[in-house]
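Participant: Below: one structure in structure tokens.
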Amino acid sequence: MSSTPVSLAVNQRTVDENPYMIDLRSDTVTRPTESMLAAMAAAAVGDDVYGEDPTVNQLETLAAEKLGFESAIFASSGTQTNLLALLAHCQRGDEYIVGQVAHTYKYEGGGAAVLGSIQPQPLDTRADGTIPLDRIEAAIKPDDIHFANTRLVALENTIGGKPLPMDYLAAVRELVDSRGLALHLDGARVFNASVHHKVDIKEISRYFDSVSVCLSKGLCAPVGSVLCGSAELIDSARRWRKVLGGGMRQAGYIAAAGIVALNENVERLQDDHNNAKLLHRGLSAIDGLNVDADCWQTNMVFLPCGEATAGRLATRLKEHDIIISPAATTRLVVHRDISTDDIETVVMMVKKVI
Ligand SMILES: *Cc1c(COP(=O)(O)O)cnc(C)c1O
């Protein structure tokens, strides 16, 4: 494999030539780790539409095992794995109950409705990200020709950086069982939740019929998400993935990074949580910044400083190679490419600007 050292060298040079930025916009900005690059360069590949890419197959088996499901499917994004789940659980004219601010409702272009003729029933969430059980229960439609068929409840964990309480998961499971519904988890950052609760991931995933996990956020893979579920559900998802144009060929090159993500980068999420806590503590000590005690959760800190202040802050921080997305409540996301030293730099610079 004479091309291997060349491709690694090219990547390293590209990274080194980039100015060093402290990018707090999202954990999606993480670059692949060295062991990911090595695994990608060495990956055995085949045509995954024929089911013949050994590395994709290995990733799917690994994800299913880790989360305790029969089967799993690799796709290009979390938006796609969520959509595959909705399309596999629901038929045209069915309905899913979902939080008003949930990614699967608010941030995925209405995909379930656009592409699946599936009606969302959004409900307000509490500050902790939970949807009250009585609201879910009241939204379930009776079997009546006037209504869509309620088929599914979709939760998100973590949501806005907040890990859902473990007893809430059990309570929702009990409710959906009593009403014959399925339960999907948008677990884009579900490993942040398991690390936060100090439980094996299965202690969370066992309450759900399907779980979508992003490999490309805090877990540092460059591309991709997995959807886990029963063999029957994943067969259906595989059909839908092809329909959506999501069938990939030698995708083992990117799946290889996903395997490393699941094997090597889960426990280290605790470092991000520690750094986020440090960031929260540092920002809390700054006069004139309104940082609430509860605005630190897992790997995110929220600054409710208003759009104007956030805009000024973003402009000034940019001059010091610190990037944030200004908003009325600005979200700062900590990840593997943010060190403890970076946190100190950020706190110092914010203090200076404020
Ligand atoms: C990022 C994210 C997704 C979608 O993932 P993409 O890979 O960006 O499409 C879904 N749900 C949540 C909660 C997310 O944060």
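The values are calculated or read from the model by the stated rules, or taken from the named source; none is laboratory data. What you see is a predicted model; the values in this text were computed from it and never measured. Glycine gets a Cβ as well: all are built from the backbone with ideal geometry, and neighbour counts include every protein chain shown. Accessible surface is based on the protein model in full, side chains and every heavy atom, while ligands, DNA and RNA are left aside. Shrake-Rupley method; radii C 1.70, N 1.55, O 1.52, S 1.80 Å.
Participant: Yes or no: G93 at positive phi and of a type outside the set (F, W, Y)?
Facilitator: In short, yes.
Participant: Hey, can you tell me all the residues within the stretch 21-77 that are open to solvent by 20 Å² or more (accessible area, probe 1.4 Å), among the hydroxyl-bearing types (S, T, Y) and closer than 27 Å to S194 by Cα?
Facilitator: Within the stretch 21-77, T28, S35, T61, S71, S76, S77 qualify.
Table: residues versus (1) modelled with pLDDT of 95 or more; (2) open to solvent by less than 50 Å² (accessible area, probe 1.4 Å).
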{"residue": "Q297", "(1), (2)": "no, yes"}
{"residue": "F302", "(1), (2)": "no, yes"}
{"residue": "G306", "(1), (2)": "no, yes"}
{"residue": "T309", "(1), (2)": "no, yes"}
{"residue": "T329", "(1), (2)": "no, no"}
{"residue": "V333", "(1), (2)": "yes, yes"}
{"residue": "I338", "(1), (2)": "yes, yes"}
{"residue": "K352", "(1), (2)": "no, no"}
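Participant: When you go through D23, D16 one by one, which is the residue that is modelled with pLDDT of 95 or more and acidic (D, E)?
Facilitator: The match here is D23.
Participant: Could I ask something else about it? Please state which of the following conditions L289 fails to meet, knowing it meets all the rest: (1) aliphatic (A, V, I, L, M); (2) assigned to a loop (DSSP other than H, G, I, E, B); (3) modelled with pLDDT of 90 or more.
Facilitator: Failing condition for L289: (3).
Participant: Tell me which residues, restricted to the stretch 68-100, are among the aliphatic types (A, V, I, L, M), within 16 Å of the ligand (Cβ to nearest atom) and touching a Ser or Thr at 6+ places or on another chain (Cβ under 6 Å).
Facilitator: A75, A85, V98
Participant: Would you confirm whether any residue within the stretch 122-142 is of a type in the set (K, R), touching a Leu at 6+ places or on another chain (Cβ under 7 Å) and touching a residue at least 12 places away in the same chain (Cβ under 8 Å)? Please lay out each step first, then the result.
Facilitator: The first filter runs over the stretch 122-142 and keeps only residues of a type in the set (K, R), leaving 126, 135, 141.
Next cut, touching a Leu at 6+ places or on another chain (Cβ under 7 Å) only: 135.
Next, only the ones that are touching a residue at least 12 places away in the same chain (Cβ under 8 Å) stay: 135.
Yes: the stretch 122-142 contains one or more residues that are of a type in the set (K, R), touching a Leu at 6+ places or on another chain (Cβ under 7 Å) and touching a residue at least 12 places away in the same chain (Cβ under 8 Å).
Participant: Residue check: is V153 farther than 27 Å from R241 by Cα and β-branched (V, I, T)?
Facilitator: Answer is no for this residue.
Here is a yes/no grid of residues against (1) of a type in the set (G, A, S); (2) under 20 Å from the mean Cα position of the chain (by Cα):
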position: R238; (1), (2): no, no
position: L244; (1), (2): no, no
position: A256; (1), (2): yes, yes
position: V260; (1), (2): no, yes
position: N263; (1), (2): no, yes
position: E267; (1), (2): no, yes
position: Q270; (1), (2): no, yes
position: H273; (1), (2): no, yes
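Participant: Also, quick follow-up: In the stretch 217-253, which residues are open to solvent by less than 60 Å² (accessible area, probe 1.4 Å) and β-branched (V, I, T)?
Facilitator: V223, V226, I234
Participant: Give the stretch 254-292 a look and list any residue that's aliphatic (A, V, I, L, M), over 19 Å from V346 (Cα atoms) and surrounded by fewer than 20 Cβ atoms within 10 Å (Cβ to Cβ), or say none.
Facilitator: Within the stretch 254-292, just V266 meets the criteria.
Participant: So, one more: Which ranges mark the helices (runs of 4 or more DSSP H) fully within the stretch 78-146 that have 3 or more residues being of a type in the set (A, V, I, L, M) and open to solvent by 30 Å² or more (accessible area, probe 1.4 Å)?
Facilitator: Values: elements: 78-89, 103-106, 111-116, 133-139.
Counting at least 3 such residues, we get 111-116.
Participant: Going residue by residue through the stretch 104-114, is there one that turns out to be modelled with pLDDT of 95 or more, of a type in the set (D, E) and more than 14 Å from the ligand (Cβ to nearest atom)?
Facilitator: Looking for residues that are modelled with pLDDT of 95 or more, of a type in the set (D, E) and more than 14 Å from the ligand (Cβ to nearest atom), one finds none in the stretch 104-114, hence no.
Participant: Go through the stretch 149-229 and tell me which strands (runs of 3 or more DSSP E), entirely inside it, have 3 or more residues that are away from the ligand (no atom under 16 Å from the Cβ).
Facilitator: Ranges flagged: 149-156.
Participant: Does V49 satisfy being modelled with pLDDT of 95 or more, part of a helix (DSSP H, G or I), at negative phi and in contact with a Lys or Arg (Cβ under 9 Å, 6 or more places away or on another chain)?
Facilitator: So V49 fits the description; yes.
Participant: Given the conditions (1) part of a loop (DSSP other than H, G, I, E, B); (2) more than 16 Å from the ligand (Cβ to nearest atom); (3) under 20 Å from K242 (Cβ atoms), and given that A64 satisfies all but one, which numbered condition is not satisfied?
Facilitator: Only one criterion is unmet by A64, namely (1).
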